[in-house]
Amino acid sequence: MKFKYASISSGSCGNCHYINYKDTSLLVDSGLSGKKTQENLNSLNIDPKSINGILITHEHKDHIKGAGILSRRFDLPIYANEKTWSAMEKDLGKINDKNIKIINNNKNFDIKDIQIKSFEINHDAIDPVGYTFFNGKDKIGFITDVGLITDHVKENILGSKLVVLESNHDEEMLKIGPYPYYLKKRVLSKLGHLSNTQAGNFAAELVKAGAKNILLAHLSGENNFPALAFETVKQILFEKGIKVNEDFSMAVLKRQESSCLYEI
Ligand SMILES: [Zn+2]
Ligand SMILES: [Zn+2]
């Protein structure tokens, strides 16, 4: 059996990702409406009733918008650390007590066949995390909404076979683009979002550590283009002697739309 992964949607319009191993299916974040999430899951022939839980990275709306609805509709547990629960609870609506699952950062736990670990990342939320998923053989790494790749992130993510990596903006587009000054400053800060260049530099380390699939995620609608993100990362890798589609494969995850189902 192999890990399966699909993006259900990625970007500030709403983030939701699907991970499956054997009989265990998880969502990471649920930032689309309940209806749109179900539509996109259906397009991949995934039955929402087969999902075992939703893991939340942080409380920003584009990561939690549909979580409460899906939890009530399909009796799904929601997993998040204590501070994130306190920050998002009011936005989720009433959640059944048994579906409120509080997890600890940096501590492995299992949901059926998948071992999960959350770890702190730099972002302007109360206690944001990235995740790794392990099936006893391979690891999937998950890091979006991150202003800076710290040693703590590297310790956790390096060695993953598939990585969902934020490539939010092109720095030049952001600087000359329509965002107000305070927002530009926020996005560019250590607590903001990862640029294409930052993603490229970290992608090189990931490939050297064995990554076979890198999926560029959470692209800005105003300050990036899919082809620009792809080419910027590809060029940085090329300069470091790494060739896309020879040494590993890379793709850009779409906003609002699901990806194909990847098997690793
Ligand atoms: Zn986000
Ligand atoms: Zn965020």
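When you filter the trypsin sites (Lys or Arg not before Pro) in the stretch 7-52 for DSSP loop state and at most 15 other Cβ atoms inside 10 Å of their Cβ, you are left with Lys22.
Expressed to the nearest 5 percent, the antiparallel share of DSSP beta bridges inside the stretch 4-259 is 50 percent.
Within 10 Å of each candidate Cβ there may be at most 14 other Cβ atoms; applying that plus a DSSP loop requirement, which GluC sites (Glu not before Pro) in the stretch 152-222 survive? Answer by residue number: Glu222. Pro180 sits among other residues whose Cβ lies under 13 Å from its own Cβ, and their net charge, with Lys and Arg +1 and Asp and Glu -1, is +3.
Helix 34-43 and the long axis of the chain differ in direction by around 70°, with both axes built from C-alpha atoms.
If you take every residue apart from Lys98 with its C-beta less than 13 Å away from the C-beta of Lys98, what net charge results, scoring Lys and Arg +1 and Asp and Glu -1? Write down the numbers at each step before the final one.
Numbers: positive: Arg72, Lys94, Lys101; negative: Asp75, Asp97.
Around Lys98, the charge tally is +1.
If we count every other residue with Cβ under 11 angstrom of Pro77's Cβ, Lys/Arg +1 and Asp/Glu -1, where does the sum land? Walk me through the numbers on the way to the answer.
On the way: positive: Lys98, Lys101; negative: Asp75, Asp97.
Combined, the nearby Lys, Arg, Asp and Glu give 0.
The stretch 39-135: which GluC sites (Glu not before Pro) are DSSP loop and have at most 10 other beta-carbon atoms within 10 angstrom? Don't skip to the end; give the middle numbers.
Details: sites: Glu39, Glu59, Glu82, Glu89, Glu120; in loops: Glu59.
For GluC sites (Glu not before Pro) across the stretch 39-135 that sit outside H, G, I, E and B with at most 10 neighbouring Cβ atoms in 10 Å, the list is empty.
Quick check: convex hull of the Cα atoms in the chain, volume per residue, rounded to a whole Å³?
So the per-residue hull volume is 115 Å³.
Just for the stretch 1-103, what percent of DSSP beta bridges are antiparallel, to the closest 5?
Numbers: 10 of 18 bridges.
Once the DSSP bridges in the stretch 1-103 are tallied, antiparallel ones form about 55 percent.
For the stretch 85-142, lysine pairs with C-alpha atoms less than 27 angstrom apart, excluding pairs fewer than eight positions apart on the same chain, total 20. Classify the stretch 62-181 as rounded, prolate or oblate from the Cα gyration tensor: take a ≥ b ≥ c as the square roots of its eigenvalues, call it rounded if a/c is under 1.5, otherwise prolate when a/b beats b/c and oblate if not. Judged from the Cα gyration tensor, the stretch 62-181 comes out oblate (a/c at least 1.5, b/c at or above a/b).
Read-outs: derived from the displayed coordinates by stated rules, not from any lab. Note that the structure is predicted; figures quoted are calculated from it, not measured. Note that we place each Cβ from the backbone using ideal geometry, even for glycine, and neighbour counts take in every protein chain shown.
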